[in-house]
Amino acid sequence: MKKTTLFFIHVSILLLSYHELFSKTSAAVNSGKWQDKSSWAGGLVPQCGDTVIIGAGMNIEASSIIDFSTCGSAMQLIITGTLNFADGNKLKLPCESKVSVKDGGLIS
């Protein structure tokens, strides 16, 4: 029984480490459209499994339907700036994703 428990602990740690290797943090560095590379640190538009940060003073606009719903990895959005949906567009997130709107944050 002890060996089985240790095995599952090791497998869990490996799976968490694997996820951390392939996910990243995407932080908005300029106000602009979600799809524009210039809106994001390093010019990397957020991808599946990422933690997305829209900080204070940043205004990110979803100007089309952005669909991550078929991703295998949940995403996390942390908003202290503004996430704006133009013309009824949507951001479709994978299951188990989390959206946190902090003090000063706005989704419009």
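Checking each residue in region 27-61 for being within 17 Å of Ser97 (Cβ to Cβ) and open to solvent by less than 20 Å² (accessible area, probe 1.4 Å) picks out Trp34, Pro46, Gly49, Asp50, Val52, Ile54, Ile60. The strands (runs of 3 or more DSSP E) located wholly in region 69-108 that include 2 or more residues which are within 10 Å of the chain's Cα centre (by Cα) and either closer than 14 Å to Asn59 by Cα or not hydroxyl-bearing (Ser, Thr, Tyr) (or both) occupy 76-79, 98-101. Applying the set (1) without any contact (Cβ under 8 Å) to a residue 12 or more places away in the chain; (2) in contact with a strand residue (DSSP E or B) (Cβ under 6 Å, 6 or more places away or on another chain) to Gly88 leaves exactly one unmet item: (2).
In this structure, does Ser108 turn out to be of a type in the set (S, T, N, Q) and surrounded by fewer than 15 Cβ atoms within 10 Å (Cβ to Cβ)? Taking the combined requirement at face value, the residue satisfies it.
The values are calculated or read from the model by the stated rules, or taken from the named source; none is laboratory data. Keep in mind that this is a model prediction, so the values were computed, not measured. Counting neighbours? That spans all protein chains shown, and the Cβs are built from the backbone with ideal geometry, glycine included. Ligands, DNA and RNA are stripped out before the accessible areas are found, and what is left, the full protein with its side chains, is counted by its heavy atoms. Shrake-Rupley method; radii C 1.70, N 1.55, O 1.52, S 1.80 Å.
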